[in-house]
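Colleague: Mind having a look at this structure? Questions to follow.
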Amino acid sequence: MARGRKPFLLVLAAIPALPAYILFMRFVHGLGAVTNLTDDMPWGLWKAFNVFSGVALASGGFTITAAVVIFHLEKFRPVVRPAVLTAFIGYMMVILSLVVDVGRPWNLWRPLFYWNERSVLWEVGLCVIFYTTVLFLEFLPLVWEKLGFRGGIRFWGWLTPVFVIAGVTLSFLHQSSLGSVYLIVPGKLHPLWYSPALPLFFFLSSVALGLAVTSCGAHYSSRAFGKSFEPLITESLGRATAVVMIIYLAARTLDLGMRGNLDKAFRMDTASLFFQAETALLGLLPAALLLFPAFRRDPGRVAGAQATVVLGIVLNRMNVTLTAFQLGTGARYIPHVFEVAVSLIILCAGSALFYLAVKHLPVFGAGESISSPPAHKAPEKVRMGT
Amino acid sequence: MTMGCGLLFDQTLCLGCGACELACQKEHGQPPHKAVKLDADSFTFVGRVEGGYFQRHLCMHCGDPACASVCPVSALRITKEGAVVYDASICLGCRYCVMACPFLIPKYEWNSPFPRVRKCDLCYEGRVSKGEEPACASVCPNGATVFGERAELLRIAKGRIQREPEKYIDEVYGEYQAGGTSVMMILGKTTAASGLREGVLLDALPPLTGRMLRKIPVAVPVVGLMLAGFYFLTKRKNDIAKEEEEEKNG
């Protein structure tokens with residue numbers, strides 16, 4: 001396995017020259033030197049992809065921990081650790097993106113002490129800080145296990161429900177608040193996307209996305225790392241994704257209908273095409289397929305449909321931040337090639353971190369869980385064995 | 001809502017001389033230039049409107065400013081005089097203010113390593129806080145821009161419209177826009193657009209997000225307790241199921 005990965009690692013090692021140059025330009029000559037951002041389009045690809053989509057893509061962490069630790073759906077236990085790891089790395093990449101994106105990153109800590117409880121972004125900032133901390137705490141048992149620190153494992157076993165309840169509550173706030181961010185620009189967002197219910201839509205879609213990401217992750221990492229999961233897991237995740245997606249899409253359709261904007265979805269203009277791509281092609285279609293038990297029996301097909309759901313919800317975040325904002329304000333923005341480069345580099349950095357973590361920490365299999373105390377779990381096993 | 005002082009701009013009196021632009025640039029230490037649009041070095045500009053009038057553009061200084069409400073660290077705030085002012089030293093550079101402003105006023109220093117949000121501050125530091133009028137109002141040769149109490153300015157504006165209804169559009173721009181602004185404008189009747197942003201909500205914008213934010217102190221304990229409830233409920237259910245299983249197996 002190691003030999004096959006070497007070229008991949010070499011490419012990773014050669015990449016730092018480009019980000020070094022971009023970062024130099026960014027921090028010496030300002031955002032204008034490496035981005036196509038303007039006063040008309042103050043938020044671009046980094047906010048759209050790395051922050052808004054990045055936070056959504058990290059939602060596997062809270063959905064799966066909620067399912068296993070809070071709802072005791074034991075069948076999903078094998079994917080808890082990869083889901084928590086993905087979320088933790090995801091949030092670190094979000095923070096990294098913010099350091100590059102905001103104009104004065106040395107002030108990023110200030111929301112902790114300079115409160116503005118009228119600002120959604122203040123609340124979002126606190127959610128990022130606190131939830132990243134919680135994810136770090138949820139991730140630590142992997143380190144304890146690696147180090148053989150039994151006291152840590154046992155202590156964390158008791159604390160995990162507390163961490164998970166805090167994490168799910170923070171995620172609920174954070175995911176929905178990213179939708180609230182856009183509530184204050186009613187005149188600037190195309191009506192196919194602006195809605196007072198944006199926070200609800202962002203939360204519902206983040207749940208679907210969390211399930212879909214975890215399902216894809218389980219399928220593809222089982223191939224990449226030679227670990228296999230029960231097909232039952234992706235089968236159940238597929239059904240859950242389909243149900244949440246259909247609730248989400250029904251809520252959006254209902255909202256458009258109630259506010260008299262449904263006709264705008266079928267005008268075959270730029271807005272409606274982006275809307276249909278996001279909701280029908282990359283939303284309703286895979287969700288409908290996932291409803292059929294026969295379709296869900298093939299893990300490859302389930303993974304394909306789930307990947308489509310992932311693309312659809314990422315497109316939703318990009319549509320709100322980029323498409324709908326441009327259509328609503330008349331601004332024009334095409335990301336600078338350096339913006340695209342930084343977005344991809346951060347994505348690669350996250351993937352590399354995930355790879356390293358899987359290689360060196362008991363992410364798959366091995367340990368019991370991040371959650372249940374080994375003391376409580378061990379006797380059961382004995383009983384089952386006899 | 002804080003709205004003590006304000007400016008009244010009367011389009012029909014503006015000569016387009018640009019004295020306000022130069023006075024503004026001098027007051028803020030910017031290189032003197034003929035401004036062609038609002039940008040990081042031009043907090044105001046005067047542009048010709050088809051039909052013979054001139055229109056001045058500057059921050060409207062909302063009574064309940066969206067920019068100040070969205071700022072995660074309160075780097076933007078409204079003073080008791082009604083000026084919306086900015087403190088770069090605590091600003092993160094998130095640019096949510098630029099996003100949120102319904103009048104598209106705040107501009108960003110895109111090419112600086114220490115970027116600031118730039119916009120008219122109603123000369124708060126140097127003048128208004130000391131009881132003086134802003135630089136632009138002090139130099140206007142024809143009284144097109146005047147400084148005063150907002151209520152008084154609104155009365156003057158309505159008086160002018162009432163006296164010469166054939167000359168003025170029957171609306172004070174800024175009386176209701178975005179919930180009411182400290183800077184107000186009255187416009188001459190012309191077929192051409194003034195270049196002022198149309199369709200601005202006639203209500204204050206911060207309540208749009210405030211409604212959601214107010215729910216959070218309630219949502220956090222409710223969600224937390226619900227999750228804890230589900231935790232114990234499903235745990236108990238699992239335990240019972242396990243016990244039954246054991247009994248069955250003897």
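Readers should treat all values here as calculations from the given coordinates under stated rules, not as data from a laboratory. All values reported here derive from a predicted model rather than from experimental measurement. Backbone-built Cβ (ideal geometry, glycine too); neighbour counts: all protein chains shown.
Colleague: For the stretch B:131-173 and the stretch A:175-225, what is the separation of their C-alpha centers, rounded to whole Å?
Modeller: Computed from Cα coordinates, the inter-centre distance equals 47 Å.
Colleague: Something else: Could you grab the relative contact order for the stretch A:60-201? Cα pairs under 8 Å, six or more apart, rounded to a whole percent. Don't jump to the answer; show the numbers that get you there.
Modeller: Details: 120 pairs, mean separation 36.5, N = 142.
After rounding, I find 26 percent.
Colleague: A follow-up question, please. For the cross-link pairs B:Lys80/B:Lys119; B:Lys80/B:Lys158; B:Lys26/B:Lys80; A:Lys264/B:Lys189; B:Lys34/B:Lys107; A:Lys264/B:Lys107, which exceed 28 Å when the distance is taken from alpha carbon to alpha carbon? Numbers along the way, then the final one.
Modeller: On the way: B:Lys80/B:Lys119 18 Å; B:Lys80/B:Lys158 24 Å; B:Lys26/B:Lys80 25 Å; A:Lys264/B:Lys189 35 Å; B:Lys34/B:Lys107 17 Å; A:Lys264/B:Lys107 32 Å.
Among B:Lys80/B:Lys119; B:Lys80/B:Lys158; B:Lys26/B:Lys80; A:Lys264/B:Lys189; B:Lys34/B:Lys107; A:Lys264/B:Lys107, the Cα-Cα distance tops 28 Å for A:Lys264/B:Lys189; A:Lys264/B:Lys107.
Colleague: Take the Cα coordinates of the protein assembly as shown, assign each an equal point scatterer, and use the Debye formula without solvent to give log10 I(q)/I(0) at q = 0.07 Å⁻¹.
Modeller: Log-scaled intensity ratios, in q order: -0.52.
Colleague: Would you mind checking which residues have amide H under 5 Å from B:Cys62's amide H? H placed 1.01 Å from N; only 5 or more apart, or other chain.
Modeller: B:Ser182
Colleague: Among A:Ala280, A:Ser180, A:Tyr220, whose Cα lies farthest out toward the positive end of the dipole of the protein assembly as shown, if unit charges sit on the beta carbon of Lys, Arg (+1) and Asp, Glu (-1)?
Modeller: Selected residue: A:Tyr220.
Colleague: In debye, nearest 20, what is the charge dipole magnitude of the stretch A:191-333 about its Cα centre with +1 on Lys and Arg Cβ and -1 on Asp and Glu Cβ, if you could check?
Modeller: 120 debye
Colleague: Would you compute, from DSSP H runs of 4+ residues alone, the mean residue ellipticity of chain A at 222 nm, taking -39500 (n - 2.57) per run and dividing by the full residue count, rounded to the nearest 500?
Modeller: Values: 16 runs with 251 residues, N = 386.
Helix-only estimate at 222 nm: -21500 deg cm²/dmol.
Colleague: How far, in degrees from 0 to 90, does helix A:231-258 lean away from the longest principal axis of the Cα atoms of chain A, to the nearest 10?
Modeller: Compared with the principal axis, the helix lies near 30 degrees.
Colleague: Sort A:73-81, A:264-272 for me by packing, meaning the mean count of neighbouring Cβ atoms within 10 Å per residue, highest on top. Let's see the in-between values first.
Modeller: Values: A:73-81: 20.1, A:264-272: 13.9.
Result, highest mean Cβ count within 10 Å first: A:73-81, A:264-272.
Colleague: Then there is this: List the residues, sorted by chain then number, that are 5 or more residues from B:Tyr168 or on another chain and whose placed amide H is less than 5 Å from its amide H.
Modeller: Close amide H contacts, sequence-distant or interchain: B:Lys189.
Colleague: Given R₀ = 22 Å, what would the calculated FRET efficiency be for B:Arg214 paired with A:Phe113, taking r from the Cβ atoms and rounding to 0.05?
Modeller: On the way: r = 22 Å, r/R0 = 1.01.
Result of the calculation: an efficiency of 0.50.
Colleague: With charges only on Cβ, +1 for K and R and -1 for D and E, what is the dipole size of chain A about its Cα centre, in debye, rounded to 20? Please list the in-between numbers first.
Modeller: Values: 31 positive and 18 negative charges, 189 e Å.
Roughly 900 debye for chain A.
Colleague: Quick one: check the C-alpha center-to-center distance for the stretch A:96-112 versus the stretch B:1-79, whole angstrom.
Modeller: If you average the Cα positions of each part, the centres end up 29 Å apart.
Colleague: Another question, if that's okay. Counting only the backbone N, which residues of the stretch A:71-88 are under 18 Å from the spot 7 Å out from the Cα of A:Ser228 toward its beta-carbon?
Modeller: A:78-79
Colleague: Assuming 0.36 nm per residue, please report the length gained on full extension of the stretch A:Asp298 to A:Ile95 beyond their Cα-Cα distance. Walk me through the intermediate numbers first.
Modeller: Details: separation 203, 0.36 × 203 = 73.08 nm, distance 3.71 nm.
Extending this stretch completely gives an extra 69.4 nm.
Colleague: Here's another thing I want to ask about it. Of the options B:Cys136, B:Gly174, B:Ile240, report the single residue whose Cα projects farthest towards the positive end of the charge dipole of chain B (beta-carbon charges: Lys, Arg +1; Asp, Glu -1).
Modeller: B:Cys136
Colleague: Scan around B:Phe54 for amide H atoms under 5 Å from its own, H built in the peptide plane at 1.01 Å from N, and keep only partners 5 or more places away or cross-chain.
Modeller: For B:Phe54, whose amide H was placed from the backbone, the distant partners under 5 Å are B:Cys14, B:Val49.
Colleague: Please give every one of the lysines within straight-line cross-link reach of A:Lys75, meaning a C-alpha to C-alpha distance under 25 Å, and leave out same-chain neighbours fewer than 8 residues apart.
Modeller: A:Lys146, A:Lys227, A:Lys359, A:Lys377, A:Lys381, B:Lys235, B:Lys237, B:Lys242, B:Lys248
Colleague: For the stretch B:5-204, what's the relative contact order in percent, using C-alpha pairs closer than 8 Å and at least 6 residues apart? Show your work: numbers first, answer last.
Modeller: On the way: 401 pairs, mean separation 58.8, N = 200.
Result for the stretch B:5-204 is 29 percent.
Colleague: Here's a follow-up. May I ask you to compute the full-extension gain from B:Leu225 to B:Arg163, defined as 0.36 nm times their residue separation minus their alpha-carbon distance, rounded to one decimal in nm?
Modeller: Details: separation 62, 0.36 × 62 = 22.32 nm, distance 6.38 nm.
Going from the current span to full extension adds 15.9 nm.
Colleague: Could you work out, residue by residue across A:108-117, how many beta carbons of other chains sit within 10 Å of that residue's beta carbon, and then give the average as an integer? Mind showing how you got there, number by number?
Modeller: On the way: counts 5, 2, 8, 6, 1, 2, 8, 3, 10, 6.
Mean shielding by partner chains, rounded to a whole number: 5.
Colleague: For the stretch A:167-180, just list the computed ³J(HN,Hα) in residue order, Karplus coefficients 6.51, -1.76 and 1.60, θ = phi - 60°, integers in Hz, with x standing in for Gly and Pro.
Modeller: For the stretch A:167-180, the Karplus curve yields x, 5, 4, 4, 5, 3, 5, 5, 4, 6, 5, 5, x, 4 Hz.
Colleague: Can you pull the one-decimal nm distance between simple spin-label points at A:Ala280 and A:Leu147, each 7 Å off the Cα toward Cβ?
Modeller: 5.6 nm
Colleague: Label-point separation (nm) for B:Lys242 and A:Ser351, each offset 7 Å from Cα along Cα-to-Cβ?
Modeller: 4.1 nm
Colleague: In chain B, which longest range has no GluC sites (Glu not before Pro) that are both DSSP loop (not H, G, I, E or B) and surrounded by at most 15 other Cβ atoms within 10 Å? Each step should come with its number before you reach the end.
Modeller: Details: sites that count: B:Glu50, B:Glu125, B:Glu132, B:Glu166, B:Glu171, B:Glu198.
Result for the longest clean stretch: B:51-124.
Colleague: In percent, what relative contact order does chain A have, based on Cα pairs under 8 Å that are 6 or more apart in sequence?
Modeller: Values: 502 pairs, mean separation 104.4, N = 386.
Result for chain A is 27 percent.
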